[in-house]
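Just so you know, all these numbers are worked out from the coordinates, no wet-lab data involved. Since we're looking at a predicted model, the values are computed, not measured. Virtual Cβ from ideal backbone geometry, glycine too; neighbours counted across all protein chains shown.
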Protein chains: 4
Amino acid sequence: MKKLNLFLTTVLLSVSYTINAQLPDPGLVIDEHTAIVITDPQNDFLSKDGVAWGLVGPSVEKNNTIDNIETLFKLGEQFNIPVFISPHFVFKHDQKWDSKGSMIQFAHNVNLFSKEDPIDNRNYDGSGADFLNQYKKYIKKSNVTVTSPHKVFGPESNDLILQLRKQKINKVVLAGMLSNLCTEAHLRELMEQGFEVGVVKDATAAAILPNMDGYETALVNYALIASHVFTTEEVKSDIVNFYSK
Amino acid sequence: MKKLNLFLTTVLLSVSYTINAQLPDPGLVIDEHTAIVITDPQNDFLSKDGVAWGLVGPSVEKNNTIDNIETLFKLGEQFNIPVFISPHFVFKHDQKWDSKGSMIQFAHNVNLFSKEDPIDNRNYDGSGADFLNQYKKYIKKSNVTVTSPHKVFGPESNDLILQLRKQKINKVVLAGMLSNLCTEAHLRELMEQGFEVGVVKDATAAAILPNMDGYETALVNYALIASHVFTTEEVKSDIVNFYSK
Amino acid sequence: MKKLNLFLTTVLLSVSYTINAQLPDPGLVIDEHTAIVITDPQNDFLSKDGVAWGLVGPSVEKNNTIDNIETLFKLGEQFNIPVFISPHFVFKHDQKWDSKGSMIQFAHNVNLFSKEDPIDNRNYDGSGADFLNQYKKYIKKSNVTVTSPHKVFGPESNDLILQLRKQKINKVVLAGMLSNLCTEAHLRELMEQGFEVGVVKDATAAAILPNMDGYETALVNYALIASHVFTTEEVKSDIVNFYSK
Amino acid sequence: MKKLNLFLTTVLLSVSYTINAQLPDPGLVIDEHTAIVITDPQNDFLSKDGVAWGLVGPSVEKNNTIDNIETLFKLGEQFNIPVFISPHFVFKHDQKWDSKGSMIQFAHNVNLFSKEDPIDNRNYDGSGADFLNQYKKYIKKSNVTVTSPHKVFGPESNDLILQLRKQKINKVVLAGMLSNLCTEAHLRELMEQGFEVGVVKDATAAAILPNMDGYETALVNYALIASHVFTTEEVKSDIVNFYSK
């Protein structure tokens, strides 16, 4: 490893660029075209009764994710910032899918985010697919838009991009669950669609397993892909500063 | 960490599911609707003269990526399997972009994959944007389709999905550069579009930096997102078996 | 006009091609990868109490659209053909859109397809957004998938494409409302995504106004864009033949 | 017909809305986030030697399309307005497509917009796929971005949307060829992506055949779908007014 670092350093210096020292940080300047996007703030990930709590609870608790997401909801309400929630629902008819990737198969197996269909909301209230109770009072407010559900990990098959564009949003403060799956998928697709995206790294969490730390994985890709990586405190400070001008 | 593992194991067993033991592996069965997709098999990543060789060369050499990608090209030619190349070009006019994520800004800064525009190919031959010389004889063959370039990391803004569908492809064997950026972006978008995707983990490589191992990062996400993860030898064996029936 | 036709004929013959005689008809051969897709089979278009009946009723009655769509639902049930419904809902929060095209603004003005939000289905039963009563018994069957709603005219912001691909569909028999708006938008997007599409021209209808015949308009574009244009009788015959083999 | 109009008028008045009198015209206000987009300004449609001139020449001449498109290019240059060209190329490998809609099959049959592949530009200069000679001096200017080619009719498989977003464009003045196919497909997709779009109805043209008037067809759909329909003189006046402030 020492040899590799030496080699890398030598080569990198030879092209006048030390990427770990100088990885560009384009930054995200909060303005009136900036929205907050939250992925999957739902019971199955965030409630102790949720079907995936065993997998993601430790990371949620370590990052203080639940309170940090609430901070974002509060800021949205306080300053009337557009907030968009992109939920994840698995409908009964999705069980007909002929093929699924690994974690989508897992999700279907354990009935993660199960809901009848796009119209029927029988058994939805308080279910694993429902929003975490402590967020509900924010979600009812008029600054919040709940999009159609995403079906794999990203917003490719819902209306998030359209809803953002229809409110003249071109910058996104992104948070939610799971760091390296739906949240990262939203980061990636938003970047492909030309948005500037800052990720709030402690308002997200992931499954951390032996040899598979989904959170560390996400941090690497956030640093490489996003416009900027914030902590909740940092983005709060930037938002308060902008709206107090 | 021991405590965390214990906690996890307990919880997971309580839902009768140990994910690290039982992470689903849906598998990818090679058939006549399966194509090979290669991202960015271009000089700037794979040639010792390439502008990013200093960053990715060590991983390329460790994985034997150059030969493993060539094995895929050879299999494509031998069995007349559709092969699609999704290249990455940065056109002069892309410098007008008003914002860029971190690594795209880096790419623009160092003139990675620079090409005049979508029509003008002046100075292209042998440039960093050109294909690695040892692949050119395969790329000329009629089984290979070179798509329009992707512009961020994924195929959202090129014709890869359409070209695959127009050849009745619904399964993809995926390889190329960089593991956690363009290759993973293609994996993710192909999954969002309903393809089954198997990634060839040693026919790809990434930048490995202190605290930012792009290759290990990709391996975690491949295991969670893809239909299956192959080695080159494994996929070669499956392909040879299918076409020898 | 005579002069123009003469001119056209001369030029076209000179390239050995008379397009009005020989406009290609690629055809759509029904097979096990063929699905039926219905756009907007909802009260506001198809019920005499619907908010847009005044505009589209005459075309619905002339084409016998309601029965022809029912024939497609019946065929779907009889032969267990996958049927997908892509509905149109206008949520309360869509009223926040900062800009709208002409007919979308009209739709919002007259509360067409109004629904609370993607989860809340209060007041939905029997509303203008609900499905036509005589279709409900078919829609409950397991061969039918109701997608998330489209938000402009096409399936770009819902999960129709994904749901089709996840059932290995690559051919579509398309019908529904309105011929030149949502139905044509679905035709166009499905073609862009590589599907073969046959449109059932009498299982659709449009607003016919002085100087704005939406139905004739659609017929021209169907002939130019689609793989094939069917009548209900023709497609019924092809489906029965295929499934009776 | 009289009876139908009477019926319609009665019903419409009863909902306080006469659509033919009051079809909403949302309007398009030119500002600094407005770009000009031109589809297919290429020889095969606009040059007397073009392979499709026989089909579209009469409409081009009637609308004075060539000069009107040039007026838009001139305005772009004069006021440094971003202009985007979305060309149509049919590559050699596209002949492998297993299925094609009617006019795409026609296009492939007559070698419309034929080009080798996305990189090789051999035989391109002056070909049917090349830009009309009188536009070339404008296209070379730095305000113009030529995107990757679209492959069916719309920009779904090229980078137009991304390039627009990366220059902070959210309004589009649209023109080009053919009115009801590629131009309308761009209108529709831009609307699906949340842009405001004004179409310049005499800076476009279509094939006009007995019983298939592509131009009249387009006018109906423009009026129903777009934010506004301009003449070249009208949009010129609005542009000059905005930039003279």
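Taking a point 7 Å out from Cα toward Cβ as the label site, list the nm distances between A:K168 and the same residue in every other copy, smallest first.
Distances to the matching label points in the other copies: 1.3, 5.0, 5.0 nm.
Please give me the summed charge of the neighbours of A:S114: other residues whose Cβ is under 10 Å from its Cβ, Lys and Arg +1, Asp and Glu -1. Walk me through the numbers before you get to the answer.
Details: positive: A:K92, A:K115; negative: A:D44, A:D94, A:E116.
After counting each charged neighbour, the total is -1.
Going by a ≥ b ≥ c, the root eigenvalues of the Cα gyration tensor, does chain D fall in the rounded group (a/c under 1.5), the prolate group (a/b larger than b/c) or the oblate group? Walk me through the numbers on the way to the answer.
Details: a/c = 1.83, a/b = 1.30, b/c = 1.41.
Here chain D falls in the oblate category.
What angle do you read, to the nearest 10 degrees and between 0 and 90, between the alpha-carbon axis of helix D:65-79 and the longest principal axis of chain D?
Compared with the principal axis, the helix lies near 80 degrees.
Neighbouring Cβ atoms within 10 Å as the yardstick, rank B:Y222, A:Y138 fewest first.
Values: B:Y222 26, A:Y138 21.
Ordered from fewest to most neighbouring Cβ atoms within 10 Å, B:Y222, A:Y138 come out as A:Y138, B:Y222.
Could you compute the net charge surrounding C:G76? Neighbours are other residues with a C-beta less than 13 Å from the C-beta of C:G76; K and R count +1, D and E count -1. Walk me through the numbers before you get to the answer.
Numbers: positive: C:K74, C:K137, C:K140, C:K141, C:K236; negative: C:E70, C:E77.
Net charge around C:G76: +3.
Within 10 Å of each Cβ in peptide D:71-83, how many partner chain Cβ atoms are there on average? Round it to a whole number, please. Please report the intermediate quantities before stating the final value.
Details: counts 0, 0, 0, 0, 0, 0, 0, 0, 0, 0, 0, 1, 0.
Mean partner-chain Cβ count within 10 Å for D:71-83: 0.
Quick check on chain A: helices-only [θ] at 222 nm, where DSSP H runs of length 4 and up contribute -39,500 (n - 2.57) each and the sum goes over total residues. Nearest 500, please. Intermediate results must be reported in sequence, preceding the final value.
Values: 11 runs with 98 residues, N = 245.
When only DSSP H runs of four or more count, the value is -11000 deg cm²/dmol.
With both bridge residues required to lie in segment B:28-244, what share of the DSSP beta bridges run antiparallel, to the nearest 5%? Intermediate results must be reported in sequence, preceding the final value.
Numbers: 3 of 28 bridges.
Bridges in segment B:28-244 that DSSP calls antiparallel: roughly 10 percent.
Relative to a virtual label point 7 Å from the Cα of A:E116 in the Cα→beta-carbon direction, which members of segment A:135-159 show backbone nitrogen distances below 19 Å?
So the set is A:148-149.
Taking the Cβ-Cβ separation of B:K62 and A:K168 as r and a Förster radius of 35 Å, what is the calculated FRET efficiency to the nearest 0.05?
Details: r = 47 Å, r/R0 = 1.34.
Taking R0 as 35 Å, the efficiency between B:K62 and A:K168 is 0.15.
Helix C:232-243 versus the longest principal axis of chain C: what is the Cα-based angle in degrees, 0 to 90, to the nearest 10?
Around 90 degrees separate the two axes.
Among D:H150, C:H228, which comes first, then next, by fewest other beta-carbon atoms within 10 Å?
Numbers: D:H150 27, C:H228 22.
Going from sparsest to densest Cβ surroundings: C:H228, D:H150.
Let me check against my output: what whole-number percent is the relative contact order of segment D:45-121, with C-alpha pairs under 8 Å and at least 6 apart?
On the way: 43 pairs, mean separation 21.0, N = 77.
About 27 percent, as a whole number.
If I take every Cα pair under 8 Å that is 6 or more residues apart in chain A, average their sequence separation and divide by the length, what percent do I get for the relative contact order? Mind showing how you got there, number by number?
Working: 414 pairs, mean separation 63.9, N = 245.
Relative contact order here is 26 percent.
Looking at the axis that maps chain A onto chain B, which chain A residue has the closest Cβ, and how far off is it in Å, rounded to a whole number?
Closest to the axis: A:T217, 2.
So which lysines pass the test for D:K62, namely a Cα distance under 17 Å, with those fewer than 8 places away in the same chain ruled out?
Qualifying lysines at Cα under 17 Å: C:K2, C:K3, D:K48, D:K201.
Quick one: among C:G154, C:G54, C:G176, which has the greatest mean-square fluctuation in a GNM of chain C with alpha-carbon springs under 10 angstrom?
Highest fluctuation of the listed residues: C:G54.
Please figure out what share of the DSSP beta bridges in the protein assembly as shown is antiparallel and state it in percent, rounded to the nearest 5. Mind dumping the intermediate values first?
Values: 12 of 112 bridges.
Counting DSSP beta bridges with both partners in the protein assembly as shown, the antiparallel share is about 10 percent.
For C:D98, place a label point 7 Å out from Cα along the Cα→Cβ vector, do the same in each other copy, and report the separations in nm, one decimal, smallest first.
1.1, 4.3, 4.4
Take C:K136, B:K151 and order them by how many other Cβ atoms sit within 10 Å, fewest up front. Can you show the working numbers first?
Numbers: C:K136 10, B:K151 26.
Ranking C:K136, B:K151 by Cβ neighbours within 10 Å, fewest first, gives C:K136, B:K151.
For segment B:90-215, report the convex hull volume of the alpha-carbon atoms normalised per residue, in Å³, without decimals. If you can, show how the numbers build up before the last one.
Values: hull volume 17.5 nm³, N = 126.
Per residue, the Cα convex hull of segment B:90-215 comes to 139 Å³.
With a cut-off of 8 Å between alpha carbons and a minimum separation of six or more residues, what is the relative contact order of segment B:138-245 in percent?
Working: 139 pairs, mean separation 23.1, N = 108.
Normalised by residue count, the contact order of segment B:138-245 is 21 percent.
Label segment A:148-189 by shape, choosing from rounded, prolate and oblate, from the square roots a ≥ b ≥ c of the eigenvalues of the Cα gyration tensor; if a/c is under 1.5 it is rounded, and otherwise prolate applies when a/b is larger than b/c, oblate when it is not. Numbers along the way, then the final one.
Numbers: a/c = 2.44, a/b = 1.38, b/c = 1.76.
Judged from the Cα gyration tensor, segment A:148-189 comes out oblate (a/c at least 1.5, b/c at or above a/b).
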